[in-house]
Amino acid sequence: MATSKLEVSLQQLEHGSVKLQGELTPDEAGMDIQDELIHLKKPLLYDLTAERLGESLLITGSVQLIVDCECARCLRPFVQELRLDSWACHVPLEGEDRAEVLSDCVDLTPYIREDIVLALPQHPLCDTECSGLPGMVNSGTGKKSAPAAEGVKPNSVWDQLDKLKLR
């Protein structure tokens, strides 16, 4: 994993809010996603403002990430843009959940990573009306995606249960 981080200096915040703009690669952001249908190849872009509020930080702004996906139904590749336009994060500097301060800097990377991972699609679809692979019954709609060859029964998730002998 790379060592670059999204950090804010507490000393700079004593003079007012600080603007943070830039990008982090998925490795720099620590986003090692183990999903066959989601691939993080492009950098995470951020445009944030950090300000000190007593014994905490308030981070607001926008975060954007382009995600390369494969459709869970038809396996076609597609691109999905994740945008957190009104992103806000409260970072405590005191108490049990306080952020770690190293050399007068607070690493904001874990906070952004958490919200991006939560925003990733759990079941990526190229289109809500995607009918899946040709000849297969789409379990989401119950419809066949394309006519099966004449005389050939389309595969069904129930086929294996039909073969089950209980006595």
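Every read-out reported here was derived from the displayed coordinates using simple, explicitly stated rules and does not represent laboratory data. Everything numeric here is computed off the predicted structure, so don't read it as measured data. Methodologically, a virtual Cβ is constructed for each residue, glycine included, from the backbone with ideal geometry; neighbour enumeration extends over all protein chains shown.
The table below lists the values:
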| item | result |
| --- | --- |
| Set of aspartates and glutamates with alpha-carbon distance to Lys5 below 13 Å, sequence-local pairs under 8 removed | Glu23, Asp27, Glu28, Asp107 |
| R0 of 25 Å, Cβ-Cβ distance Arg83-Trp158: FRET efficiency to nearest 0.05 | 0.05 |
| Simple Cβ-charge dipole of segment 24-97, Lys/Arg +1 and Asp/Glu -1, about Cα centre, in debye nearest 20 | 460 debye |
| Spin-label model distance (nm) - Val117 vs Asp68, 7 Å beyond Cα toward Cβ | 2.2 nm |
| Dipole of segment 29-83 [Lys/Arg +1, Asp/Glu -1 at C-beta], most positive-end residue of Leu40, Cys74, Ile59 | Cys74 |
| Förster radius 35 Å - calculated FRET efficiency between Leu133 and Asp47, Cβ distance, rounded to 0.05 | 0.30 |
| Förster radius 45 Å - calculated FRET efficiency between Arg98 and Lys165 (Cβ-Cβ, nearest 0.05) | 0.15 |
